[in-house]
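Report on one structure; see the data block that follows.
The values are calculated or read from the model by the stated rules, or taken from the named source; none is laboratory data. Treat the numbers as computed from the prediction; the structure is a model and nothing was measured. We place every Cβ from the backbone using ideal geometry, glycine too, and count neighbours over all the protein chains shown. Heavy atoms of the whole protein, side chains included, go into the accessibility calculation; ligands, DNA and RNA do not. Shrake-Rupley method; radii C 1.70, N 1.55, O 1.52, S 1.80 Å.
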Amino acid sequence: MCGIAALFAYRDDAPPLRREEVERITDSMIERGPDARGTWYSPDGRVGLGSRRLAIIDLSDEGIQPMHDVERELVIVFNGEIYNYRELRASLERGGARFHSRSDTEVLLQLYRRDGERMLGLLRGMYGFVIWDTRTRRLFVARDPYGIKPLYIADDGRTLRIASQVKALLAGGAVAPTRDVAGAAAFFLLGSVPEPFTFHANIRAIEAGSSFFIDANGRGPTHPHTTIASVFCRAEDQQSLGQLAEPEILVREQVTESVEHHLIADVPVGIFLSAGIDSTTIAGIATRLSRTPPRAFTLTFDDLHGATDEAPLAERFARGIGAPHTTRRVTRDEFLADLPRLFTSMDQPTIDGVNTWFISKAVAEAKVKIALTGLGGDELFGGYPSFSNVPRLVRLMQLPLATSLIRRAPVGHAKLRRLGVLGTGWAGAWLLQRGLFMPDELPSLLGKQEAEEGLERLGIVDHVARVLDPDPASAFGRVATLESSLYMRNQLLRDSDWASMAHSVEVRTPLVDVALLRQAAPVTIEHGRRCKQALGADLPPWLRDRPKTAFFVPLGAWLDLPPDGTERRMRSWAKYVYERFE
């Protein structure tokens, strides 16, 4: 796990690459990689690569980046983990490939040498990487299908800059920190900034599941190698595979295999443990698969009471499976003391991430570098209300009297009245379900001119609709694609990344795994909720059968936000974040 940087002065008239810029970008990411630092420059001084290393696999100096292949024709900077690197390495060695390390990073180099961009179809893991090919004098850039690991780009038409963080690119000093009104509008609409937009006009996210080359002519066409929509589209034709065995058995075996892959490391692995089915299931599987039970960490806050505090149940479960356990209590004073650093580490404005910040802090205090999490279970198995609400809204809008009913909706049903503005398809229905503010509220937040410009550039309904291409075909597949490609990618995964890496902790997500998705999708599109129940079949009934509860951070009590309703508190928190985001 690393923070990476790449600069390429690709045009002949580009100014010379400034090494101090590469150094500043790289050093600004020290928390992402406190274990080692490396930079490399091409002989002509037009390419510079930088890396900060968090050593997880192959702890020796041979794993330090930027890394060359044995032939010294390729050089890479890589952020992430490849969980099937051992199998890939064995295949490469049978073909004559030579290695100087035991790292997954070097496997990427040899795969690229053998397969070029086709290598991406073989990878199981989370990744963002850049390879400089001295033979062709071009960069190859790629990002994982779910977008677990971030990667950002700034291109002024002559020099291209890439880094793991938006703020790292700004730290180099050559990218102007001009705010993007589309990013600001998106934040208030969704509580996060959806890629490829960022909060800065001169920086874009490299989209998940895509790759491209850069040579003397600049950036080439972007090739999507995997999308969530395409997996669910194919799953419709593969449903017969799910009938070969009981769906519950298939899914439990598939999840177990994913957890096993996510345990691969040369350092101890911990677990974020709540009292939910997803994290407790992963904790149980990981404990069975490990020689030494992974240490579990549970977060609780002062001012939590009764059913909102899951710590006692998590403690009881950890005792039952024999896992060492730590409950980390956060006080109001600690929360307020951490807020300045939290905002400094927050790479883009978001209404989430506070819980991951503090649980990662607890993991770091215990000197643990890796933590598994149950993130992704609701998207994979249909655990959100949106899986029933969004299809219901779409069906409602197909009724002949729907438009008339919406126009006459009571004033208190503001979201329903706005459905006519958002549109009557899946994108509009999902926005109605997930929206934090509605488009007509933005002028009061951003000003009329900025709101209008931001909304026009953003094109939020079309932006949401694009993730459904190709059509996932089923109602379950459409909602799962929307939740995975938008809410989970742009909020949950991104917030897990910056909030954990601020404490030099790597978060791994066994339920956010493209290999698991390909295996499970033919089953979940028909049996999603049954699969979710099967996931917890081995859990004790007192945990498995309890009502689902949301994780709660007492922001209202600690920041004097409006006490009447979760939605109003989150809207107030969004304004608070926007005013203080650096």
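All conditions in (1) over 25 Å from S51 (Cβ atoms); (2) part of a loop (DSSP other than H, G, I, E, B); (3) open to solvent by less than 40 Å² (accessible area, probe 1.4 Å) hold for P221, with the sole exception of (3). Residue check: is P194 without any contact (Cβ under 8 Å) to a residue 40 or more places away in the chain and under 19 Å from the mean Cα position of the chain (by Cα)? When the stated conditions are applied, P194 does not pass them. Selection of the stretch 340-364 for residues being in a loop (DSSP other than H, G, I, E, B) and of a type in the set (G, A, S) yields only G353.
In the stretch 197-218, the qualifying residues are those that are in contact (Cβ under 8 Å) with a residue 60 or more places away in the chain, touching a helix residue (DSSP H, G or I) at 6+ places or on another chain (Cβ under 9 Å) and in a loop (DSSP other than H, G, I, E, B), and the one that is farthest from D155 (Cα to Cα) is G209. If you go through the stretch 1-32 and keep only what is assigned to a loop (DSSP other than H, G, I, E, B), surrounded by 18 or more Cβ atoms within 10 Å (Cβ to Cβ) and modelled with pLDDT of 95 or more, you end up with Y10, S28, M29. Taking every residue in the stretch 123-141 that is farther than 20 Å from G3 by Cα and pairing it with any residue that is aromatic (F, W, Y) and open to solvent by 10 Å² or more (accessible area, probe 1.4 Å), at least 6 positions away or on another chain, the pairs with Cβ-Cβ distances below 8 Å are D133/Y112; R138/F213.
For every residue, the table says whether it meets (1) of a type in the set (V, I, T); (2) over 18 Å from L539 (Cβ atoms); (3) under 26 Å from the mean Cα position of the chain (by Cα).
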residue: G270; (1), (2), (3): no, yes, yes
residue: S274; (1), (2), (3): no, no, yes
residue: S279; (1), (2), (3): no, no, yes
residue: I282; (1), (2), (3): yes, no, yes
residue: R291; (1), (2), (3): no, yes, no
residue: F297; (1), (2), (3): no, yes, yes
residue: F301; (1), (2), (3): no, yes, yes
residue: I321; (1), (2), (3): yes, no, no
residue: P324; (1), (2), (3): no, yes, no
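Of note, G147 does not satisfy the criterion of being part of a loop (DSSP other than H, G, I, E, B) and surrounded by fewer than 18 Cβ atoms within 10 Å (Cβ to Cβ). Just one of the listed residues (T105, T136) is assigned to a helix (DSSP H, G or I) and of a type in the set (S, T, Y), namely T105. Yes or no: the stretch 78-98 includes at least one residue that is open to solvent by less than 10 Å² (accessible area, probe 1.4 Å), part of a strand (DSSP E or B), of a type outside the set (G, A, S) and farther than 24 Å from I148 by Cβ. Within the stretch 78-98, not a single residue is open to solvent by less than 10 Å² (accessible area, probe 1.4 Å), part of a strand (DSSP E or B), of a type outside the set (G, A, S) and farther than 24 Å from I148 by Cβ. Which residue, of R179, R204, R161, is at negative phi, out of contact with any strand residue (DSSP E or B) (no Cβ under 6 Å at 6 or more places or on another chain) and of a type in the set (D, E, K, R)? Of the residues listed, the single one that is at negative phi, out of contact with any strand residue (DSSP E or B) (no Cβ under 6 Å at 6 or more places or on another chain) and of a type in the set (D, E, K, R) is R179.
Within the stretch 472-487, can one find any residue that is surrounded by fewer than 24 Cβ atoms within 10 Å (Cβ to Cβ) and in a loop (DSSP other than H, G, I, E, B)? Checked against the condition, which is being surrounded by fewer than 24 Cβ atoms within 10 Å (Cβ to Cβ) and in a loop (DSSP other than H, G, I, E, B), the stretch 472-487 yields at least one hit.
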